[in-house]
1. What order do you get for Val118, Val64 when you list them from fewest to most C-beta neighbours inside 10 Å?
2. Relative to a virtual label point 7 Å from the Cα of Asp70 in the Cα→beta-carbon direction, which members of segment 98-141 show backbone nitrogen distances below 12 Å?
3. Give me the mean projected area, in nm² to one decimal, of the convex hull enclosing the Cα positions of segment 63-135.
4. In nanometres, what is the gap between the two model label sites at Lys139 and Asp124, each 7 Å from Cα along Cα-to-Cβ?
5. Magnitude of the Cβ-charge dipole of segment 69-137, K/R +1 and D/E -1, about the Cα centre, nearest 20 debye?
6. Arrange the following residues from fewest to most other Cβ atoms within 10 Å of their Cβ: Thr73, Thr116.
7. For Ala132 paired with Val83, estimate the spin-label separation in nm (one decimal), with each label point 7 Å from Cα along the Cα-to-Cβ line.
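Rule-based calculations on the coordinates, nothing more; no lab input. As the structure is a prediction and not an experimental result, all values here were calculated from the model. Cβ atoms come from the backbone with ideal geometry, glycine included; neighbour counts cover every protein chain shown.
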Amino acid sequence: MYLRHLLALPALLALAACGGSTDAVRPLPAPPPPPKLIRPAPPAAIQTQRPRAHVQVLPGLEGVIGADADALTRQFGAPRLDVREGDARKLQWSGSPCVLDAYLYPPEGGGRPTATYVDARRGDGRDVDRAACVAALRKPR
């Protein structure tokens, strides 16, 4: 009985291959063309524009905002930290009452960098009044 089923198998396979239409088998559509690559502009064509520095104007910061590094050094002594990044500069002074950071940027038309912003905090990182910190760290004249 097993042999009869085995002999019938090729006939069944041949019959299955003959049936059905070729409409069900269609070629795959052509793949879409690859996307066009966008080439970056050459470096000479890229224009770099320095962001404008926001000038902080608060009471008690007169003589600090707008001062250059030499004037700040005369007011507070040698900075504890002097960090330069590009044309920007950060000067830092610290004392027991506070830590003062002054951020200097060159004027839009060029020239010596001047302080446009100051930040003040306690040694533990909590904010402190900027004008009070300036007054506390300023050297007596």
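1. Values: Val118 20, Val64 23.
Listed from fewest to most nearby Cβ atoms, that is Val118, Val64.
2. From segment 98-141, the list is 112-113.
3. On the way: hull surface 19.2 nm².
The directionally averaged projection comes out at 4.8 nm².
4. Each label point lies 7 Å from its Cα, and together they span 3.1 nm.
5. Details: 10 positive and 10 negative charges, 37 e Å.
Value, rounded to 20: 180 debye.
6. Values: Thr73 16, Thr116 20.
Going from least to most buried by this count: Thr73, Thr116.
7. 2.5
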